[in-house]
Amino acid sequence: MKLTIFGTGYVGLVTGACLADVGHHVVCVDVDADKIARLNSGEIPIHEPGLEALVERNLSAGALEFTTEVARAVSHADVQFIAVGTPPDENGAADLQYVLAVAESIGSNMTTHKVVVVKSTVPVGTSDVVRAKLTEVLGRQNSALAFDVVSNPEFLKEGAAVNDFLKPDRIIVGAASEHAREVMKELYEPFNRNHDRTLYMDVRSAELTKYAANALLATKISFINEIANFAERLGADVEEVRRGIGADPRIGYHFIYPGLGYGGSCFPKDVQALGRTATEIGYDAPLIAAVDAVNNRQKTTLFDKIATHFGGVEKLKGKRIAIWGLAFKPNTDDMREAPSRVLIEALWEAGASLVAYDPVAMEEARRIYGTREDFVLAADKYAALNDADALAICTEWQQFRAPDFVEMAERMASRLIFDGRNIYAPERLKKEGWSYISIGRAP
Ligand code: UGA
């Protein structure tokens, strides 16, 4: 099939490359000419395992094209994906201007029936807004052309997006017409050969499914973080409790790892957006508000532990703190809403100086914070420790899991670790003379 995808951001690019790889002819279109030029030369603007090879292969095979030519992109295919960003506006609500600009482009360039597929994460009801926009644009041209609007939310995890796309747990299609369902069925046929993973539903249910999935996952995380805080105050070990509850298949082991709270471009934004939707429809949603509140508080927990340990915030002045991990989770360079940022900014505020190391997010850190005297980016994880008064771990990168503790002790001014991800066994560290403060476990 021929497909057009508007937006070459994270979602659009992964979607385009994967759909090309299973045999479709995909044209990706973006307003950013510089980005399109770089993509055409095989340069991938994001860090995502497997994506570069996929883009390269399909680009050279001619199955994947990148362009800024909107008219050509619209005429290329009967199916037009909208995968542009929906950044928060000044009130924190999803800004639909890019989504609507794409609808405008499709409406003013289409000469045949189109199935318009909304893939961006958008508030419930947005597909209706897109429909209204298309109707308005076609009306202006006295056009009687028909179209369908489909909601097809994505469920990609950063760092595993290619795999998630190629091996989906489910594909959600919210469509109002038989024709749209048939088109989507054909499009996703390569993913459904072993068993059909597609769930067809009405448009609003598809839109709400996206928010419900992310809000439930976020709820699991806030829940276990709340239990971690109980455990700390009650002399229990949250890791034991985690295993104890996870053994019940109704609860399960996934997504109940305590830590510094969830970050990234999805959970914080989506939970807040659902909260905003509640307000808009006049519904009181205390659970959603609490998930967000617990998460915000959890992001400060490592700083609180550090300040308490040193005897108060004012005692942090002049301290040298090493930070391992800047990305919001492993296998990505993304620092959006990363708990590390809350810690870093609070430590600066308190007058500490920081030496940080992250396997891939260093450039991103430099972009966000620029060059500052109190923020050194170290060449490797051990170099970050030289003369440090403490180490704070913010991301559970694989390479932090089994370090050489002897070398660490030699480099650091004192044997002190604050672990926001619970990656070490407290017993072992204690035996080796470390002070080890983690989440939801007795120090
Ligand atoms: C999330 C969802 O997992 C995807 O299914 C969804 O498609 C995506 O959002 C989206 O809406 O686009 P992502 O933000 O990439 O994906 O990251 P996750 O792997 O889900 O991690 C989110 C955060 O939760 C991270 O900060 C992670 O450290 C934290 N987390 C996760 C925990 O603190 N504990 C856990 O047990 C699991």
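Throughout, read-outs are computed from the coordinates displayed, never taken from laboratory work. Keep in mind that what you see is a predicted model, and the values were worked out from it rather than measured. As a convention, Cβ positions derive from the backbone with ideal geometry for all residues, glycine included, and neighbour counts pool all protein chains shown.
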Completion exercise
Residues whose modelled amide H sits under 5 Å from the amide H of Asp148, counting only those 5 or more places away in sequence or on another chain, are Lys114, Val115, Val116
Practice task
Give a quick list of trypsin sites (Lys or Arg not before Pro) in the range 232-269 that DSSP marks as loop, anything other than H, G, I, E or B, with at most 10 other Cβ atoms within 10 Å.
Solution key: Arg250
Practice task
Select from Thr112, Leu234, Thr219 the residue farthest towards the positive end of the dipole of the chain; place +1 on Cβ of Lys and Arg, -1 on Cβ of Asp and Glu, and compute about the Cα centre.
Solution key: Leu234
Exercise for the section: Based solely on C-alpha atoms, express the radius of gyration and the Dmax of the range 1-63 in angstrom. Expected result: 10.4, 28
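From the square roots a ≥ b ≥ c of the eigenvalues of the alpha-carbon gyration tensor of the range 211-297, which class results: rounded (a/c under 1.5), prolate (a/b over b/c), or oblate?
prolate
For Cys18, Cys266, Cys394, what ranking results if the residue with the fewest other Cβ atoms within 10 Å of its Cβ goes first?
Ranked by crowding around the Cβ, least crowded first: Cys266, Cys18, Cys394.
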Completion exercise
Residues meeting the amide H criterion for Ile171 (H placed from the backbone, H to H distance under 5 Å, 5 or more places apart or on another chain) are Thr198, Leu199
Fill in the blank from the handout: Going residue by residue through the range 222-231, the Karplus relation 6.51 cos²θ - 1.76 cosθ + 1.60 with θ = phi - 60° gives ³J(HN,Hα) values, rounded to whole Hz and with x marking Gly or Pro, of 5, 4, 5, 5, 5, 5, 4, 5, 4, 4
Problem - Cα pair distances exceeding 16 angstrom across the range 74-171, given as percent - result: 59 percent
Exercise for the section: Please give the residues of the range 377-409, grouped as numeric ranges, whose backbone N is less than 12 Å from a label point set 7 Å along the Cα-to-Cβ vector of Glu314. Expected result: none
Problem - Across Lys119/Lys299; Lys2/Lys185; Lys114/Lys157; Lys133/Lys185, pairs whose alpha-carbon gap is larger than 23 Å - result: Lys119/Lys299; Lys114/Lys157; Lys133/Lys185
Problem - log10 of Debye I(q)/I(0), alpha-carbon scatterers only, for the chain at 0.08 Å⁻¹ - result: -0.52
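Give the shape of the range 323-395 as rounded, prolate or oblate, defined through the alpha-carbon gyration tensor: a ≥ b ≥ c are the square roots of its eigenvalues, a/c under 1.5 means rounded, and otherwise the shape is prolate if a/b is larger than b/c and oblate if not.
rounded
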Exercise for the section: Principal axes first, then extents: for the Cα atoms of the range 2-200, list largest minus smallest coordinate on each axis, whole Å, largest first. Expected result: 44, 41, 37
Handout entry: Restricting the range 97-182 to trypsin sites (Lys or Arg not before Pro) in coil, as DSSP defines it, with at most 12 other Cβ within 10 Å
Key = Arg170
Handout entry: For the chain, size of Cβ-based charge dipole, Lys and Arg +1, Asp and Glu -1, in debye
Key = 720 debye
Practice task
First check a/c for the range 239-391, with a ≥ b ≥ c the square roots of the eigenvalues of its C-alpha gyration tensor; if it is under 1.5, answer rounded, and if not, answer prolate when a/b is larger than b/c or oblate otherwise.
Solution key: prolate
Problem - Against the rule of thumb 2.2 N^0.38 Å, how large the Cα Rg of the range 112-246 comes out - result: 1.43
Fill in the blank from the handout: Calc'd 3J(HN,Hα), the range 145-151, phi into Karplus 6.51 cos²θ - 1.76 cosθ + 1.60 (θ = phi - 60°), Hz, glycine/Pro = x, comes to 5, 9, 7, 10, 10, 10, 9
